[in-house]
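Quick notes on the structure that follows.
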Amino acid sequence: MIQETDPTAVQPGDLDAASSPSGVGTSPDVPTPDVPSPGSPSPDVPSPDVPGPGVPTPDVPSPDVPAPEIPDPDVPSPPTASAQAEGVGVARDEAPDLTEDATLEAALEALLLVVDIPAGEELLATTLDQPVSRVSGALRRIAARYDLGGRGFELRRIGEGWRLYTRDRFAPYVERYLLDGQRSKLTRAALETLAVIAYRQPTTRSRVAAVRGVNVDGVIRTLLARGLVEETGTDPETGGILYRTTELFLERLGLSSLEQLPPIAPLLPEVDSIDEQL
């Protein structure tokens, strides 16, 4: 006998077959990894913060590395040591070449015009970077040329130095130019220096300076210009120029000789004590 079944009844196997698209029974539940399909949103996975265009970057501290200094074009840079060394010799590089004797003699004349005291040959040679023998020969040639040319001045050797002087035969005109119209009184320093020379003559500048305790170069130049003192040779021991009073000195004081000067020895130190100070 065949049992009739209800076509509408659902069998258990039919449920499984209906749930499977291929009509094959399902396998046990095995978890599968979640793989995103194309076009589906990706899961929330943290990613490094990369700033996009126009977004300011955060201040991240960097190691202390000094940045290179960019020189300002408007500010001059300090000279280097080599540049400074080169700058020292600029004036010497621009000086004339003294190879020719005529140029050397001209350079010596320029120096002799500005010296206050006779300049030694070694000092002149050092200044010009020349051998002493060459400078000595040039000085003698200059002196001979002045003598032969009848110049109003001469190059004279005094002691160990050389200096330019006016010719003795033109002294009256020089005195007239310097003394005519002079009515100014001598300063106290000039009077003191003149007194020392008058009582210790002939004497040198160094001895006069030792008595007064100050430099007397400028004062003696004034007395020479006034015609109150004059040069009278050199000291054999020191080579310094000796000075003495002139006839004009006696005339201005109304004296006929130096013996008429009043005694002043107690007011001045002895010559021996002056020599000890020099």
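The values are calculated or read from the model by the stated rules, or taken from the named source; none is laboratory data. This structure is a prediction, so every number in the text was calculated from the model and none was measured. Cβ atoms come from the backbone with ideal geometry, glycine included; neighbour counts cover every protein chain shown.
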Please report, ordered by residue number, the strands (runs of 3 or more DSSP E) entirely within the stretch 159-264 with at least 2 residues that are β-branched (Val, Ile, Thr), over 37 Å from the mean Cα position of the chain (by Cα) and crowded, with 18+ Cβ neighbours inside 10 Å. 229-234
How many residues, within the stretch 103-135, are assigned to a helix (DSSP H, G or I) and either surrounded by fewer than 17 Cβ atoms within 10 Å (Cβ to Cβ) or hydrophobic (A, V, I, L, M, F, W, C) (or both)? 20
Which of the residues that make up the stretch 224-239 are on the phi < 0 side of the Ramachandran plot and touching a helix residue (DSSP H, G or I) at 6+ places or on another chain (Cβ under 6 Å)? 225, 228, 229
So in the stretch 154-188, with the set limited to residues that are modelled with pLDDT of 90 or more and touching a helix residue (DSSP H, G or I) at 6+ places or on another chain (Cβ under 7 Å), which one is nearest to residue 229 (Cα to Cα)? 166
With the condition kept exactly as written, say whether any residue in the stretch 176-184 is free of Cβ contacts under 8 Å to residues at least 12 places away in the same chain and more than 20 Å from residue 248 (Cβ to Cβ). no
Identify all residues within the stretch 144-158 that are among the aliphatic types (A, V, I, L, M), out of contact with any Gly (no Cβ under 9 Å at 6 or more places or on another chain) and surrounded by 14 or more Cβ atoms within 10 Å (Cβ to Cβ); write none if there are none. 155
What are the pairs with Cβ atoms under 7 angstrom where one residue, in the stretch 206-220, is more than 14 Å from residue 117 (Cβ to Cβ) and in contact (Cβ under 8 Å) with a residue 60 or more places away in the chain and the other, located anywhere, is part of a helix (DSSP H, G or I) and among the aliphatic types (A, V, I, L, M)? Sequence gap at least six, or different chains. 207/274; 210/274; 211/196; 211/274
